[in-house]
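Working notes for the structure below.
The values are calculated or read from the model by the stated rules, or taken from the named source; none is laboratory data. None of these values were measured; they are calculated from a predicted model. Positions of Cβ are generated from backbone atoms using ideal geometry, with glycine treated the same way; all protein chains shown enter the neighbour counts.
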Amino acid sequence: MGAMKKTNNRLFIRPRPSAIRTLPVLVLVALSACTHSVPVDTEFPEPLIAPMPVAVAVYYDESLIDFEHTEFIEQGSDWKVKLGDANLKMFERLFGSMFQNLVPVASPEAGFAEGSRFEAIIIPAIEEMQVAPPRYGESEFFEAWIQYRVEAFHPNREPIVNWLVSGYGRSEGSMLQPSKSLQEATVLAMRDAAANIVIKFRQQPRIREWLDQQEGADE
Amino acid sequence: MNKTPGMHSKGYGIRFGAISVFVPVTLLLAASGCVNSRIEQVRQGSTVLQDGEAIVILARRHDHAGETESSFTDCIEDKLAKGDSPLNVHPNKEFIDAMFPWFEPSVAPLSTDSLPQLLAHPGVRDKIEQTGVRYVVWLDGSTERIDSGGSMTCAISPTGGGCLGFGWWEDASDYEATVWDLKSSSAAGMVSADVSGTSYMPAFVVPIPLIARTQSAACSGLARQLSLFLAQAP
């Protein structure tokens, strides 16, 4: 009976049941407990547009320059997206093409203080961000959604426009490189927002009025 | 008392024998799924690529539903650029970057009616001429699982494992390629591929996948038809 028992033990995994049974659980716990870090480093193409014939000051806040977003996922890994200076690169590229003369300033006050040099002071900010990994049975995509706020002021501090603009991107989920998939989705969301800023900023009624005023003043 | 180990030894012999037969058979059959495909074409104008003219393959992504997979776009681009009668294909990423922001998913023109307005923007027509792109091929569609069934049970122990059961699933790959002529700001035609196929996976110790590669068949069929549609001038 002893030998039989030994055979059975070998065949039916009695020697180390706890280790084998808990292994998948440990793997799941290890996976679910970790936080994926997703650095976003990308270049933005130069927009193919005619610049608006105005001189503007732009102020980039610290929160925009070094933005991080952590998405906490229930029963899954958390995702920390580090935009780093990607926002700064994006706005420098966009505004540099959108306005004939662009001057970065150290603070909004510095822009208002030198108001006579500019037709407006622009302050971009990141308002909100959300990301979502693939969900079993629902979506095979990594998704990213990002919302920016673009504020423009007259040199006398009167607001011209306070505009919210969003971008959405998604990328096919990759089991081997999930961080890369989310990075792609984030870059697509930023490009989507960038495209909307380039095309739709000058279509905002208040901006059109302001541009008309500038043209009138030049004449 | 010694019978039990003996029986198990015999069992191992059958299983390893089975594996040695099933694995090569599996590999052979894995590529032999059966698909039904229908390729259609509608031509609205003559389409011949002259010297220095190129095409670009772009995926429609404006509504994000049934979005064309980037792997499918790459497959079409690759087959058209390297087929029997290769076409001059401009890399799509390069084109979208050069034209930024006009071909980004949410702002790209949805119909040829918008083309004159797009080309009227400063620099757009010149940039298109620089790229040499004459035709834009818009890809729309995706591969979806439309049905599945069966059941399979797999078990594993320190001495081995195996599966028993039968599973199946049906995929449909429906794609449409719309060709725009940027020179005349008009639609040149459309090619579509509807491919469906059922994959099977019987499992007796080792699962044997009989995969119906619908997306691959749709890519080959659509690329073949597009290369005829957009023949390069001799």
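Return the residues of segment B:92-107 that are touching a Pro at 6+ places or on another chain (Cβ under 9 Å) and either without any contact (Cβ under 8 Å) to a residue 24 or more places away in the chain or not in a helix (DSSP H, G or I) (or both); say none if nothing qualifies.
Residues satisfying the conditions are B:97, B:99, B:100, B:101, B:102, B:103, B:107.
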Would segment B:92-102 turn up any residue that is away from chain A (no Cβ under 11 Å), at negative phi and within 20 Å of the chain's Cα centre (by Cα)? yes
What number of residues in segment A:128-150 are at pLDDT below 90, exposed (fewer than 14 other Cβ atoms within 10 Å of the Cβ) and either assigned to a strand (DSSP E or B) or not aromatic (Phe, Trp, Tyr) (or both)? 5
Checking the structure you have, find out if any residue of segment A:111-127 is surrounded by fewer than 14 Cβ atoms within 10 Å (Cβ to Cβ) and at pLDDT 90 or above. yes
Just one of the numbered conditions (1) under 30 Å from residue A:35 (Cα atoms); (2) within 14 Å of another protein chain (Cβ to nearest Cβ); (3) hydrophobic (A, V, I, L, M, F, W, C) is not true of residue A:175; which one? (2)
Over 31 Å from the mean Cα position of the chain (by Cα) and either surrounded by 12 or more Cβ atoms within 10 Å (Cβ to Cβ) or touching a residue at least 12 places away in the same chain (Cβ under 8 Å) (or both) - does that describe any residue in segment B:136-147? no
I'm told residue B:79 meets every condition in (1) more than 21 Å from the chain's Cα centre (by Cα); (2) basic (Lys, Arg); (3) surrounded by 15 or more Cβ atoms within 10 Å (Cβ to Cβ) except one. Can you identify the failing condition by its number? (1)
Per the filter on segment A:178-208, residues within 10 Å of another protein chain (Cβ to nearest Cβ) and more than 18 Å from residue A:46 (Cα to Cα) are A:184
So for segment A:199-218 (the condition being crowded, with 21+ Cβ neighbours inside 10 Å and assigned by TED's automatic domain parsing to the domain that holds residue A:88), does at least one residue qualify? no
Any residue at all in segment A:164-183 that's in a strand (DSSP E or B), surrounded by 13 or more Cβ atoms within 10 Å (Cβ to Cβ) and among the aliphatic types (A, V, I, L, M)? yes
State whether one or more residues within segment B:176-196 are over 30 Å from residue B:112 (Cβ atoms) and either more than 14 Å from the chain's Cα centre (by Cα) or of a type in the set (Gly, Ala, Ser) (or both). yes
Within segment B:108-122, of all residues that are more than 14 Å from chain A (Cβ to nearest Cβ) and in a helix (DSSP H, G or I), the one nearest to residue B:140 (Cα to Cα) is B:112
